[in-house]
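Comments concern the structure below.
The values are calculated or read from the model by the stated rules, or taken from the named source; none is laboratory data. Because the structure is predicted, anything quoted here is derived from the model rather than measured. Positions of Cβ are generated from backbone atoms using ideal geometry, with glycine treated the same way; all protein chains shown enter the neighbour counts. To get the accessible areas, we keep the full protein, side chains included, count just its heavy atoms, and leave off ligands, DNA and RNA. Shrake-Rupley method; radii C 1.70, N 1.55, O 1.52, S 1.80 Å.
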Amino acid sequence: MNLIMFGPPGAGKGTQAKLLQQTYKIKQLSTGDMLRGEVAAQTDLGRRISDIMDDGGLVPDELIIELIADCIAQPECKRGFILDGFPRTLPQAEALNEMLTQKGQKIDHVLALEVVEDDLVERVKKRAGETAIARSDDNEETLRRRLSVYHEQTAPVLPYYEAAGLLRKIDGMQSVEAVTAQIETILNKSAAA
Ligand code: ADP
């Protein structure tokens with residue numbers, strides 16, 4: 001089973017993706033975590049992208065597409081994967097479709113977390129206070145930039161998946177457990193069908 005977790009920054013994609021990874025034994029692929037790993041390890045790539053990330057912008061499509069293509073070819077993705085933070089632009093969604101089609105694979109569901117944006121700022125501030133290693137992009141100003149990037153470049157991906165019949169809308173304003181329950185209902189229903 002191959003899934004996409006979709007939603008604005010701070011919507012809870014990573015939290016849900018981690019839980020799904022455990023429950024369904026499919027691999028979470030968080031592009032944000034991967035890129036932060038590159039920055040922390042001070043690789044060439046990390047040096048190229050750290051300013052972009054700190055500003056709340058998107059790293060170039062080609063770069064992220066290559067990263068994901070490498071990941072989904074790994075044996076740990078054989079049972080399936082959950083994309084968390086990808087695709088974030090229409091060209092990324094199209095490239096994903098192409099790479100999966102070539103491998104005879106497909107996306108089963110796009111789980112879109114719907115949230116009230118005014119509450120996201122508070123959530124992200126809370127996350128910044130709780131995480132051991134502070135994220136350099138979890139401040140109010142950058143979050144506002146990330147939200148506007150989301151609206152301009154990422155939200156247009158939704159109609160693409162809606163047209164493909166893959167979009168599943170989830171109420172992301174409930175508790176973590178209640179959001180998980182909504183997702184599991186959708187996945188279990190389609191597995192039974
Ligand atoms: P959030 O979902 O909270 O915004 P992520 O951890 O998914 O945070 O991403 C953090 C940053 O990493 C983004 O603001 C962006 O700079 C970069 N990034 C992550 N995924 C992508 C992607 N698919 N395309 C381009 N940039 C990305």
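Restricted to region 88-193, the set of helices (runs of 4 or more DSSP H) holding at least 1 residues that are surrounded by 15 or more Cβ atoms within 10 Å (Cβ to Cβ) and modelled with pLDDT of 95 or more comprises 90-102, 140-149, 157-163, 176-192.
Among the residues of region 66-87, how many are surrounded by fewer than 20 Cβ atoms within 10 Å (Cβ to Cβ), in a helix (DSSP H, G or I) and free of Cβ contacts under 8 Å to residues at least 40 places away in the same chain? Give the steps one after another, and end with the answer.
Initial filter on region 66-87 (surrounded by fewer than 20 Cβ atoms within 10 Å (Cβ to Cβ)): 66-67, 69-71, 73-80.
Filter again for in a helix (DSSP H, G or I), leaving 66-67, 69-71, 75-77.
Filter once more, keeping what is free of Cβ contacts under 8 Å to residues at least 40 places away in the same chain: 66-67, 69-70, 75.
Going through region 66-87 one residue at a time, the tally reaches 5.
Restricting region 37-65 to residues that are open to solvent by 70 Å² or more (accessible area, probe 1.4 Å) and closer than 25 Å to S148 by Cα, the residue that is nearest to the ligand (Cβ to nearest atom) is D55.
Give me a count of the residues in region 4-32 that are within 15 Å of the ligand (Cβ to nearest atom) and either assigned to a loop (DSSP other than H, G, I, E, B) or in contact (Cβ under 8 Å) with a residue 40 or more places away in the chain (or both). Steps first, answer last, please.
Within region 4-32, the first condition is being within 15 Å of the ligand (Cβ to nearest atom), and the residues that meet it are 4-18, 28-32.
Cutting the leftovers down to either assigned to a loop (DSSP other than H, G, I, E, B) or in contact (Cβ under 8 Å) with a residue 40 or more places away in the chain (or both) gives us 4-17, 28-32.
Of the residues in that region, 19 qualify.
Out of R48, R36, R79, report the one residue that is of a type in the set (K, R) and within 15 Å of the chain's Cα centre (by Cα). Don't jump to the end; show me each part of the working.
Details: R48 fails: within 15 Å of the chain's Cα centre (by Cα); R79 fails: within 15 Å of the chain's Cα centre (by Cα).
That would be R36, the only listed residue that is of a type in the set (K, R) and within 15 Å of the chain's Cα centre (by Cα).
So which residues in region 33-59 are over 17 Å from T89 (Cα atoms), part of a loop (DSSP other than H, G, I, E, B) and among the aliphatic types (A, V, I, L, M)? Of everything in region 33-59, just one residue is over 17 Å from T89 (Cα atoms), part of a loop (DSSP other than H, G, I, E, B) and among the aliphatic types (A, V, I, L, M), namely A41. For D108, the criteria (1) more than 16 Å from the ligand (Cβ to nearest atom); (2) more than 24 Å from V179 (Cβ to Cβ) hold in every case but one, which is (2).
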